[in-house]
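Structure first, commentary second.
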Amino acid sequence: MSVYTASTTAPVNIATLKYWGKRDKSLNLPTNSSISVTLSQDDLRTLTSVATSSSFTEDQLWLNGTPESLTSERTVACLKDLRALRTAVEARDTSLPKFSEWKLHIVSENNFPTAAGLASSAAGFSALVKAIAKLYELPESMSEISKIARKGSGSACRSLFGGYVAWEMGSEVDGSDSKAVEVAPLEHWPSMKAAILVVSADKKDTPSTSGMQTTVATSDLFQHRIKNVVPTRFIEMKETILNKDFAKFAELTMKDSNSFHAVCLDSYPPIKYLNDTSMKVIKLIHTLNAAAGETIAAYTFDAGPNAVIYYLEENEAVVLGLLHELFGGVAGWEKVDKEQLTLLKAFPKEHLDYDITKGVAK
Ligand code: DP6
């Protein structure tokens, strides 16, 4: 009995303009458009292999070596859509094997700790949908496929593209125009870097899906955000990416992270993702930018306390140097030549009234 296989990887993406809120829960349609940067394949990614055969008796999934259920509503929705597209392919060419009727075996592995509070569902659903689309030899574009990944997890639709990606919220009730599109490939702005500061590897308090539901139902500030803030920011952020305007990109990114966490706090009961250490990272980046006399680093936080810091390669020594000095063990630190740390040496230490390593005020 033949077994047919396909493999693919999908990296994590980190939103710089946050998706927060659903207008339709089952189709996973958002209340606002969002933008993200997909990290490179060498960093954080999910590797997924899929196999199908007429001899398989049930759909099966192994996640990081452990058997997992494939019965969640979201996974079922993704498999159903992929099988429907494959059915159409088979109808056009009747000589093809009937994959649409066969069961799937799926093996998925993250190269980062799933519990680290990083967007593992984005890379996971993106890799799952991409691997099956490849196995089924679907002719659809990545944007079309992104509508299926979206049903798995909203943010997953953006990980189908590398580089700078927009998820256009769309306006159709059936979600047919709610899809990911490329803003620019990674090579467009190769000097852009991201450092992830794992402040806490604990599981998040409030899962994104239920947190969003609370926010949509209770926050007045959220109404202001989706109507008056995000639409303009969406246009501006795309422009700053296309123009490679780091200072403006950084400002919009930090403001949007703050706006998102503000609507979380304005929810009832309030949702709090940032902890004291996160707040110290925020203060540190603002102090660093003030000391540099220009915006050289930006922070952003998802539904947890861990920070992602964006900076340009030319400022790596300064940014990572400072984070290392205060935080210790930041990934990528080995690349930094300590002799280059001129700004760090001149850094006004009296502004740092806390010790980030220990997360306590000095
Ligand atoms: C704060 O994509 O995890 O990371 O669609 O319910 O699976 P579901 O939510 P999810 O939410 C991500 C929220 C966010 C912001 C973002 O990635 O845009």
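The values are calculated or read from the model by the stated rules, or taken from the named source; none is laboratory data. Keep in mind that what you see is a predicted model, and the values were worked out from it rather than measured. Note that we place each Cβ from the backbone using ideal geometry, even for glycine, and neighbour counts take in every protein chain shown.
The table below lists the values:
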| read-out | value |
| --- | --- |
| Boolean, Ser100 is away from the ligand (no atom under 11 Å from the Cβ), of a type in the set (Ser, Thr, Tyr) and exposed (fewer than 14 other Cβ atoms within 10 Å of the Cβ) | no |
| Some residue of segment 76-88 being in contact (Cβ under 8 Å) with a residue 40 or more places away in the chain and of a type in the set (Ser, Thr, Tyr) | no |
| Yes/no for Thr300 being under 16 Å from Val198 (Cβ atoms) and at pLDDT 95 or above | yes |
| Residues that are outside any helix (DSSP H, G or I) and surrounded by fewer than 18 Cβ atoms within 10 Å (Cβ to Cβ), drawn from segment 281-302 | Gly293, Glu294 |
| All positions within segment 8-50 that are among the acidic types (Asp, Glu) and at positive phi | none |
| Extreme residue, modelled with the lowest pLDDT, among residues of segment 1-21 that are within 13 Å of the ligand (Cβ to nearest atom) and in contact with a helix residue (DSSP H, G or I) (Cβ under 6 Å, 6 or more places away or on another chain) | Val12 |
| Residue check, Thr31 within 12 Å of the ligand (Cβ to nearest atom), closer than 25 Å to Phe112 by Cα and touching a residue at least 12 places away in the same chain (Cβ under 8 Å) | no |
| Near pairs, Cβ below 7 angstrom, 6+ apart or cross-chain, from segment 290-319 (in contact (Cβ under 8 Å) with a residue 12 or more places away in the chain and of a type outside the set (Gly, Ala, Ser)) to any residue that is in a loop (DSSP other than H, G, I, E, B) and within 15 Å of the ligand (Cβ to nearest atom) | Phe301/Tyr273; Phe301/Leu274; Asp302/Ala119; Pro305/Tyr273; Pro305/Leu274; Asn306/Gly117; Asn306/Leu118 |
| Selection status of Phe222, part of a helix (DSSP H, G or I) and in contact with a Phe, Trp or Tyr (Cβ under 8 Å, 6 or more places away or on another chain) | yes |
| Long-range neighbours under 7 Å by Cβ, at least six apart or interchain, first residue farther than 17 Å from Lys18 by Cα and near the ligand (Cβ under 9 Å from one of its atoms) within segment 138-156, second among the aromatic types (Phe, Trp, Tyr) and assigned to a helix (DSSP H, G or I) | Gly152/Phe125 |
| Residues of segment 191-245 satisfying the condition of being modelled with pLDDT of 95 or more, away from the ligand (no atom under 16 Å from the Cβ), among the charged types (D, E, K, R) and within 25 Å of Gly21 (Cβ to Cβ) | Asp220, Lys227, Glu236, Glu239 |
| Flag for Ser34 being surrounded by 17 or more Cβ atoms within 10 Å (Cβ to Cβ) and modelled with pLDDT of 95 or more | yes |
| Which numbered condition Ser208 fails, given (1) in contact with a strand residue (DSSP E or B) (Cβ under 8 Å, 6 or more places away or on another chain); (2) among the hydroxyl-bearing types (Ser, Thr, Tyr); (3) under 18 Å from Ser155 (Cβ atoms) | (1) |
| Ser159 farther than 13 Å from Thr8 by Cβ, in contact with a helix residue (DSSP H, G or I) (Cβ under 6 Å, 6 or more places away or on another chain), polar (S, T, N, Q) and not in a loop (DSSP other than H, G, I, E, B) | no |
| Residue within segment 266-280 that is away from the ligand (no atom under 16 Å from the Cβ), surrounded by fewer than 16 Cβ atoms within 10 Å (Cβ to Cβ), modelled with pLDDT of 95 or more and closer than 22 Å to Ala166 by Cβ present | no |
